[in-house]
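Novice: Handing you a structure now.
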Amino acid sequence: MAYAHAAGAHDDLAAHDSHKPHGWRRWVYATNHKDIGTMYLIFAGLMFFIGGFLAMLIRLELFKPGLQFFDPLFFNSLTTMHALIMIFGAVMPAWTGLANWQIPMQVGAPDMALPRLNNFSFWILPFAFLLLLSTFFVPGGAPAGGWTMYPPLMLQGGAAFPMTIFAIHLMGASSILGSMNVIVTILNMRAPGMTLLRMPLFVWSWLITAYLLIAVMPVLAGAVTMLLTDHFFGTTFFTAAGGGDPVMFQHIFWFFGHPEVYILILPAFGIVSEIIPTFSRKPIFGYEAMVYAIASIAFLSFIVWAHHMFTVGMPLAGQLFFMLTTMLIAIPTGVKVFNWCATLWKGSITFEPPMLFALAFLFLFSIGGFSGVMLAIVPADFQYQDTYFVVAHFHYVLVPGTIFAIIGGVYYWLPKWTGKMYDQTLGKWHFWLSTIFVNVLFFPQHFLGLAGMPRRIPDYAVQFTDWNMVSSIGGFGFGLSQLLFPYLIWKCIKHGTPIGNRAWEGAHGLEWELPSPPPFHSWETPPSEAVLAHAAVH
Amino acid sequence: MMIRYANSKLAAAAAALLPLAAPVRADDGWGLLNMTPGVTDISRKIYDLHMEVFWICVGIAVVVFGWMIWSLIAFRKSKGAVADTTLVHNTRVEIIWTALPVFILIAMAVPAARTLVAIEDTRNTELTIKVTGFQWGWNYDYLDDGVNFFSRLDRASDAARQLLSGIDPTTVPNYLLSVDHPLIVPAGVKVRLLITGADVIHSWWIPAFGLKKDAIPGFINELWFRVDPDKTGIYRGQCVELCGRDHGFMPIVVDVRSKADFSAWLKTTAAQQKQAAASAPAATPATG
């Protein structure tokens with residue numbers, strides 16, 4: 001039955017096939033999953049460089065003590081906008097872009113289930129970010145209350161305040177629509193024989209991520225709408241003077257925020273679970289345990305939120321509960337790391353760029369995991385909370401974690417998308433420069449936090465100078481190294497060497513059964529059982 | 001405790017190796033690498049907990065990273081490694097590596113819970129001070145003694161921290177960490193702070209005391225500390241919750257004095273403030 005629906009969609013699309021859209025219409029009216037995926041990825045790349053530029057301005061001001069470049073309020077705008085752009089503009093659209101490209105190919109479908117919705121969910125984003133970025137030019141400047149938007153501080157915002165909230169509503173709508181599309185595609189468009197437990201782990205990780213998104217984006221929308229009515233319509237949800245509760249915002253925000261951080265990392269687990277088996281030439285170890293581990297992490301993400309706010313003054317029982325649930329996350333995460341290690345064990349390992357990024361993920365994400373366990377220990381968290389130790393922790397899981405997985409995923413599938421092999425030596429340069437500089441950038445921030453440097457400050461006491469300088473040098477090095485990435489992709493498209501279906505010797509999955517580049521409508525006829533068996537990932 | 005003993009030995013070994021790299025001081029620049037044990041019983045408990053969890057993580061890292069690195073060296077295709085494609089599942093080891101972390105986590109959670117219970121024991125405090133964070137400074141109100149004053153960034157730091165001030169921060173003593181009127185407390189006494197915010201959320205933290213607590217408008221949070229009797233001196237910290245433009249410029253300084261010195265100061269200050277209030281022109285009734 002699932003396929004009958006897919007066939008219907010296919011007929012509809014086949015009608016367009018003879019005149020594949022060209023020019024601007026191909027992109028503005030796009031309904032093809034690959035075109036939309038490409039637009040998502042280009043958009044994410046653009047936002048990555050804008051957000052990265054802001055980060056480099058932050059590191060510029062923090063290079064030495066004293067204020068050399070920016071007013072403190074503008075500095076606060078830089079940290080706030082850096083976070084909003086990187087989370088909602090770079091990472092989330094990058095995941096949706098990869099989902100668009102890969103999921104239909106990996107489940108044996110011709111396209112995403114809801115192509116016009118797909119177009120809409122992408123085209124919301126440029127408007128959302130035009131709105132958000134334009135706040136730099138309005139009276140009062142860009143939002144400066146942190147990406148966490150805690151009231152009452154957030155309520156002091158100027159003209160940027162309603163614009164930021166409206167931009168967040170748009171991003172949320174885009175994410176929810178994109179997630180619905182992913183869920184409907186995975187549940188209805190799989191080729192006959194592609195049972196759920198035969199799906200590649202990237203598809204599994206996205207299925208679970210999509211449910212998380214649908215569950216929590218409306219919660220964020222609710223929280224920011226309450227901020228809006230507090231500011232403009234006289235409500236006092238978060239104002240103590242009117243009987244409201246500023247801490248309630250933090251509870252609602254982090255009920256969204258914790259699943260959100262897993263939304264940023266779960267698809268990374270999926271990609272790493274594709275790359276490591278390919279370059280170990282061995283199926284993933286413990287496939288089902290991997291699926292259950294992702295599902296467990298997703299479930300736990302709903303009951304750990306208050307570990308972001310241990311210093312607000314919670315009852316002892318609450319602190320103990322959130323400490324214990326947070327520590328539990330280490331168990332499924334440990335299972336994943338052990339399974340990746342066991343996949344390497346007795347493999348036949350080679351070190352192409354995607355594998356290098358996946359291995360760096362394995363090491364450096366684990367370091368972020370260790371500092372995460374430390375942060376779960378409430379008494380110790382009273383010391384770590386709101387210091388650079390936290391900044392180091394979440395950047396370790398987000399940069400050499402999520403961002404490396406995205407880069408690894410692009411390096412893994414770029415030959416499939418373009419039909420050409422890129423310059424792998426350049427990719428290795430990109431890897432080594434990124435990996436060295438990312439550690440120079442973030443490792444000293446552990447020291448700064450433990451020594452007592454608070455986060456979100458534009459200037460600092462002079463004893464913090466040395467490690468801040470090191471961190472800034474790492475930041476400039478990391479930022480500049482990323483310029484290799486678009487250059488490598490451009491060079492691949494222009495001058496890459498043509499490649500066959502299976503770009504990597506050990507690659508398994510339905511996408512590698514298609515030609516490179518794949519046809520406009522990926523699987524016009526569903527893959528046969530023989531093809532499915534040949535493509536089996538485990 | 002066994003673990004703590006091992007900790008101190010390992011920590012001593014690590015500390016012994018550090019000076020080989022460069023002449024460093026633990027309280028400055030390159031030497032600022034770790035949390036300090038602090039000057040209260042709670043801060044030392046937290047430090048021990050931090051080091052215990054840290055060394056457990058290091059232990060796990062050695063095993064897991066060792067396993068990864070071994071695999072990456074031993075199973076290289078370039079050295080002729082052939083993949084064992086049948087190795088995809090092993091129920092026994094999967095159960096072990098799911099269950100083993102549970103025990104490690106319990107080993108961390110028990111001392112953590114014990115310390116937390118000690119932290120939350122706010123009974124038998126001897127001195128209560130109300131702390132109000134505002135944009136951008138602190139107000140300290142000695143509730144039982146009629147002493148009340150504001151505490152802001154000192155003038156030397158404030159001049160140097162202006163954009164392009166031309167003043168080198170290294171020439172300013174305790175740049176950004178000194179105030180005009182520090183909080184003065186007695187050593188060896190359990191001091192209770194009642195913390196709140198006047199406008200937005202702030203957070204009060206002295207790293208050497210081990211605890212931080214948010215200052216939230218409409219809420220009164222409790223935090224207590226008892227500085228060791230022999231640890232009189234100046235302790236410095238900062239606001240640690242983003243509170244607007246000058247969040248980075250509202251330091252917290254605590255001057256811990258002996259009980260006798262503190263009592264003398266409190267008496268004099270209370271008398272001064274009483275006199276000042278009496279000689280001031282009749283104030284209009286406060287509206288706030």
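All of the numbers you see were taken from the coordinates with simple rules; none came from a lab. These numbers come from a predicted model, not from an experiment. Cβ coordinates were reconstructed from backbone atoms using ideal geometry, including for glycine residues, and neighbour counts include every protein chain displayed.
Novice: For the residue pair residue A:159 and residue A:241, what label-to-label distance in nm results when each label sits 7 Å from Cα along the Cα-to-beta-carbon direction?
Specialist: Result: 2.6 nm between the two label points.
Novice: Run the simple label-point estimate for residue A:233 and residue A:60 please: 7 Å along Cα→C-beta, distance reported in nm.
Specialist: Roughly 4.1 nm, to one decimal.
Novice: What share of the DSSP beta bridges in segment B:92-195 is antiparallel, in percent to the nearest 5? Let's see the in-between values first.
Specialist: Details: 12 of 17 bridges.
Once the DSSP bridges in segment B:92-195 are tallied, antiparallel ones form about 70 percent.
Novice: Between residue B:99 and residue B:167, what is the FRET efficiency for a Förster distance of 60 Å, r being their Cβ-Cβ separation, to the nearest 0.05?
Specialist: Numbers: r = 60 Å, r/R0 = 0.99.
According to the calculation, E is roughly 0.50.
Novice: Which percent of Cα pairs goes in each bin when the distances of chain A are cut into 10 angstrom slices starting at zero?
Specialist: For chain A, the pair-distance distribution reads 4, 18, 29, 28, 15, 6, 1.
Novice: So, one more: At what distance in angstrom do the alpha carbon centres of segment A:463-538 and segment A:351-391 lie from each other?
Specialist: Going from one Cα centre to the other spans 25 Å.
Novice: Step through the residues of segment B:140-149 one at a time and calculate ³J(HN,Hα) from phi using the Karplus curve (6.51 cos²θ - 1.76 cosθ + 1.60, θ = phi - 60°), rounding each to whole Hz and writing x for Gly and Pro.
Specialist: My calculation for segment B:140-149 gives 10, 10, 7, 4, 8, 10, x, 10, 8, 8 Hz in order.
Novice: If you don't mind, there's one more thing I want to ask. Distance in nm between label sites at residue A:299 and residue A:476, each 7 Å beyond Cα in the beta-carbon direction?
Specialist: Going by the 7 Å Cα→Cβ label model, 5.0 nm.
Novice: Something else about it: Suppose R0 equals 41 Å; then what is the FRET efficiency for residue B:265 and residue B:106 from their Cβ-Cβ distance, rounded to the nearest 0.05?
Specialist: Values: r = 47 Å, r/R0 = 1.15.
Efficiency for this residue pair is about 0.30.
Novice: Can I ask one more? Pick from B:83, B:112, B:271: which is most flexible by mean-square fluctuation in a GNM of chain B where alpha carbon atoms under 10 Å apart are linked?
Specialist: With Cα springs under 10 Å in chain B, the top fluctuation among B:83, B:112, B:271 is at B:83.
Novice: Of all beta bridges DSSP finds with both residues in chain B, what is the antiparallel percent, to the nearest 5? Walk me through the numbers on the way to the answer.
Specialist: Details: 29 of 40 bridges.
If we restrict to bridges inside chain B, about 70 percent are antiparallel.
Novice: Residue separation times 0.36 nm, minus the C-alpha to C-alpha distance between residue B:180 and residue B:145: what's the value?
Specialist: Values: separation 35, 0.36 × 35 = 12.60 nm, distance 2.09 nm.
So the extension gain works out to 10.5 nm.
Novice: Given the C-alpha centroids of segment A:205-263 and segment A:87-163, what is the distance between them in whole angstrom?
Specialist: With segment A:205-263 and segment A:87-163 each reduced to a Cα centre, they are spaced 16 Å.
Novice: Among DSSP bridges having both ends in segment B:127-277, what percentage is antiparallel? Round to the nearest 5. Write down the numbers at each step before the final one.
Specialist: Details: 28 of 39 bridges.
If we restrict to bridges inside segment B:127-277, about 70 percent are antiparallel.
Novice: Check which residues have an amide H placed less than 5 Å from residue B:148's amide H, if you skip close sequence neighbours.
Specialist: B:142
Novice: Now, a different point. Using the Karplus equation 6.51 cos²θ - 1.76 cosθ + 1.60 (θ = phi - 60°), what ³J(HN,Hα) coupling, rounded to whole Hz, does each residue of segment A:273-278 give in order, writing x for Gly and Pro?
Specialist: 6, 8, 6, 4, x, 4
Novice: Which value, in debye to the nearest 20, gives the size of the charge dipole of chain A about its Cα centre, when Lys and Arg are +1 and Asp and Glu are -1 at the Cβ?
Specialist: Values: 21 positive and 23 negative charges, 161 e Å.
Roughly 780 debye, rounded to the nearest 20.
Novice: For segment A:79-91, just list the computed ³J(HN,Hα) in residue order, Karplus coefficients 6.51, -1.76 and 1.60, θ = phi - 60°, integers in Hz, with x standing in for Gly and Pro.
Specialist: Karplus values, whole Hz, x for Gly and Pro: 5, 5, 6, 4, 5, 4, 5, 5, 6, 8, x, 9, 5.
Novice: What average number of partner chain Cβ atoms lie no more than 10 Å from the Cβ of the residues making up A:137-146?
Specialist: On the way: counts 0, 0, 0, 0, 0, 0, 0, 4, 4, 3.
Partner-chain Cβ atoms within 10 Å, mean over residues of A:137-146: 1.
Novice: With just the Cα atoms defining each centre, how far is segment B:217-279 from segment B:130-188? Give it in Å.
Specialist: 10 Å
Novice: Here is a follow-up. Applying 1/(1 + (r/R0)^6) with R0 = 22 Å to the Cβ-Cβ distance of residue A:433 and residue B:63, what FRET efficiency is obtained, to the nearest 0.05? Could the numbers behind the result be given before it?
Specialist: Numbers: r = 30 Å, r/R0 = 1.34.
FRET efficiency, residue A:433 to residue B:63: 0.15.
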